[in-house]
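Colleague: Questions regarding the structure given below will be posed in turn.
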């Protein structure tokens, strides 16, 4: 089960050189904080069982950022999707970025970058062929971050979000 206490930590120095954030695996006790961030910072909400399913099945790449007081200030979660390859009869494994969020007061400190870097290392261990994600076409900060990781826009998913906004479908080949 993904709810074990394996919380290997990574001390994180923010762009100001402060070592006040820890990146670690999410555990069951952290889900309430993750859900709170999602509901506060993102317009898309998921039911509890969705987070629990990601935690149970992909816990190594479900990471959180915790401040010095132990508060969850950011998270990232991935899943692996098995899909038919476009150019063959084989099955392709895609690491799908489900959600990433950082609390407003902690943005622009490099936390999203640290979460993305560490989680991509972890999900890659699942022998994936490519990383994929959807991002709001208006979310320039996120789009620019993903481009730094060699994601490129492959298509537009029209009216992808509940409020009708379009999403870029972005892909990055796993190396």
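We did not get these values from a lab; they are worked out from the coordinates using the rules stated. Computed from a predicted structure; not experimentally measured. Virtual Cβ from ideal backbone geometry, glycine too; neighbours counted across all protein chains shown.
Colleague: Give me the one-decimal nm value for the distance between modelled label points at residue 157 and residue 107, 7 Å along each residue's Cα-to-Cβ direction.
Modeller: Reported label-point gap for residue 157 and residue 107 is 2.1 nm.
Colleague: Under the rule of -39500 (n - 2.57) per DSSP H run of 4 or more residues, summed and divided by the residues of the chain, what mean residue ellipticity at 222 nm is obtained, to the nearest 500 deg cm²/dmol?
Modeller: Numbers: 4 runs with 45 residues, N = 175.
That comes out to -8000 deg cm²/dmol.
Colleague: Identify the residues of the range 92-136 with backbone N under 11 Å of a label point that sits 7 angstrom from the Cα of residue 171 along the Cα-to-Cβ direction, or state none.
Modeller: So the set is 130-133.
Colleague: By count of other Cβ within 10 Å, fewest leading, how are 116, 89 ordered? Could you put the intermediate results ahead of the total?
Modeller: Working: 116 21, 89 6.
Sorted ascending by nearby Cβ count, the order is 89, 116.
Colleague: Neighbour counts of other C-beta atoms within 10 Å: give me 122, 39 arranged from fewest to most.
Modeller: With the sparsest Cβ surroundings first, the list reads 39, 122.
Colleague: Here's a follow-up. Ranking 77, 120 by Cβ neighbours within 10 Å, fewest first, what do you get?
Modeller: Numbers: 77 27, 120 19.
The fewest-first ordering by Cβ neighbours comes to 120, 77.
Colleague: Label 7 Å along Cα→Cβ of residue 149; the range 91-118 residues with amide nitrogen under 16 Å?
Modeller: The answer is 94-103, 108-118.
Colleague: Cα axis of helix 31-41 to longest principal axis of the chain: angle in degrees, 0 to 90, nearest 10?
Modeller: The angle comes out at about 70 degrees.
Colleague: Sticking with this structure for a sec: Between residue 56 and residue 92, take the C-beta separation as r, use R0 = 30 Å, and let me know the FRET efficiency to the nearest 0.05.
Modeller: Efficiency, from the Cβ-Cβ distance: 0.85.
Colleague: Of the peptides 64-71, 128-135, how do they stack up when ordered by the mean number of other Cβ atoms within 10 Å, highest first? Don't jump to the answer; show the numbers that get you there.
Modeller: Working: 64-71: 16.1, 128-135: 19.2.
The most tightly packed comes first, giving 128-135, 64-71.
Colleague: Relative contact order for the chain: what is it in percent, counting Cα pairs under 8 Å that are at least 6 residues apart?
Modeller: In percent, rounded to a whole number, it is 17.
Colleague: Once the piece of chain linking residue 29 and residue 67 is laid out straight, how much longer is it, given 0.36 nm per residue of separation minus the C-alpha distance between them?
Modeller: 12.1 nm
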